[in-house]
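Right, one structure below, let's go through it.
The values are calculated or read from the model by the stated rules, or taken from the named source; none is laboratory data. Please read these numbers as outputs of a predicted model, since none were measured by experiment. Positions of Cβ are generated from backbone atoms using ideal geometry, with glycine treated the same way; all protein chains shown enter the neighbour counts. Just so you know, the surface numbers come from the protein's heavy atoms only, side chains and all, with ligands and any DNA or RNA stripped out. Shrake-Rupley method; radii C 1.70, N 1.55, O 1.52, S 1.80 Å.
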Amino acid sequence: MTQANNPLHGITLQQIVTALVDHYGWPTLAQHIDINCFKIDPSVKSSLKFLRKTPWAREKVEALFIATKLHQ
């Protein structure tokens, strides 16, 4: 089975977080998605750890990534 309709196919969570940080920066990213790993001493490593354990937050990050890519 292919995932041709999945816009996240082949993109890692690390790539998603890094792209969002590069595009928005930590402060603006924290405004878009209100989670502490983006507000308090943010890093890609701590964000990945939190997002891998928290499905609702990961869904928000993935949705923002897709919306950002669609508007570029």
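Quick notes
- Candidates 18, 28, 54: whichever shows maximal mean-square fluctuation once the chain is modelled as a Gaussian network with Cα springs under 10 Å: 54
- A straight chain from residue 71 to residue 40 at 0.36 nm per residue would run longer than the Cα-Cα distance by 8.4 nm.
- Direction-averaged projected area, Cα convex hull, the chain: 5.0 nm², rounded to one decimal.
- Helical mean residue ellipticity (222 nm; -39500 (n - 2.57) per DSSP H run of 4+; nearest 500) of the chain: -20000 deg cm²/dmol
- In a simple Cβ point-charge model (Lys, Arg +1; Asp, Glu -1; nothing else charged), the chain has a dipole of about 200 debye relative to its Cα centre.
- Accessible area in square angstrom per residue, the chain, 1.4 angstrom probe: 70
- Number of Lys pairs (Cα under 22 Å; 8 or more positions apart or on different chains) in the chain: 7
- Carbon + sulfur, % of accessible area of the chain - ligands and nucleic acids excluded, 1.4 Å: 54
- The chain: DSSP helices with Cα axial extent of at least 15 Å and average Kyte-Doolittle hydropathy no lower than 0.5: 13-24
- Over the chain, relative contact order from alpha-carbon pairs under 8 Å, at least 6 apart, %: 33
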